[in-house]
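Read the structure below first, then the notes.
Nothing in this text is a laboratory measurement; each read-out follows from the coordinates by a stated rule. These figures come from a predicted structure and were not determined experimentally. For neighbour counting, all protein chains shown are included, and Cβ atoms are generated from backbone atoms with ideal geometry for every residue, glycine included.
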Amino acid sequence: MTAVAQQPGWLRRAALTLVALLLAACASPPPAKQYGQASDVWQGRLSVQVASEPAQRISADFFLEGGPQAGSLTLDSALGTRMARMQWDASGALLQMPGQTQRFASLDAMVQQTLGSTLPMPALFAWLRGQAVSAAGWELLTLDKAQGRIRARSVQRVPATQLDIVLEAR
């Protein structure tokens, strides 16, 4: 019989708990997937309004990393509840929401299905980097890098869409 098996019950449980804690401390989670440079990470608050029938409005805290080719976006409510996690790369896009997961052929397809409208994704990432690039069918109303504010709206498109972003200072 081993030394641990001969000890009183509480001592044996304490020893097994300690061994379990030590083993758990040695375990490491898989490395997080990296999307681009450290500068390709943004967080803050976003709002998207789509003048569809019925109208849609999404307002959330966000954490975004990557670019239009590969990246991830996490949306949380003001109370910290996970609303959605989106991931995309050359092979397609994945939308995870509480209780459901959906796959899409591309980032644009996922955004279209989720919002009911498209967003100018390549231009959006340029705007986040402080570059005032143009996007067909979109008007950049505000690009204030110092204040971390971006506002853009679709022009001559149905449904009309407006995007507002307020970045947290890093």
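All conditions in (1) more than 19 Å from ASP40 (Cβ to Cβ); (2) in contact with a strand residue (DSSP E or B) (Cβ under 7 Å, 6 or more places away or on another chain) hold for ALA146, with the sole exception of (2). Kindly indicate the residue of segment 140-170 that is closer than 15 Å to THR118 by Cα and among the hydroxyl-bearing types (Ser, Thr, Tyr) and also surrounded by the fewest Cβ atoms within 10 Å (Cβ to Cβ) among those meeting that condition. Ranking the qualifying residues of segment 140-170, first place goes to SER154. For beta carbons closer than 9 Å, sequence separation of 6+ or different chains, a first residue in segment 126-139 that is at positive phi and a second that is surrounded by 13 or more Cβ atoms within 10 Å (Cβ to Cβ), the qualifying pairs are GLY130/LEU143; GLY130/LYS145; GLY137/THR118; GLY137/PRO120; GLY137/SER154; GLY137/ARG157. Residues that are among the hydroxyl-bearing types (Ser, Thr, Tyr), within 19 Å of ALA55 (Cα to Cα) and touching a helix residue (DSSP H, G or I) at 6+ places or on another chain (Cβ under 6 Å): does segment 118-127 have at least one? So far as segment 118-127 goes, yes, one or more of its residues are among the hydroxyl-bearing types (Ser, Thr, Tyr), within 19 Å of ALA55 (Cα to Cα) and touching a helix residue (DSSP H, G or I) at 6+ places or on another chain (Cβ under 6 Å).
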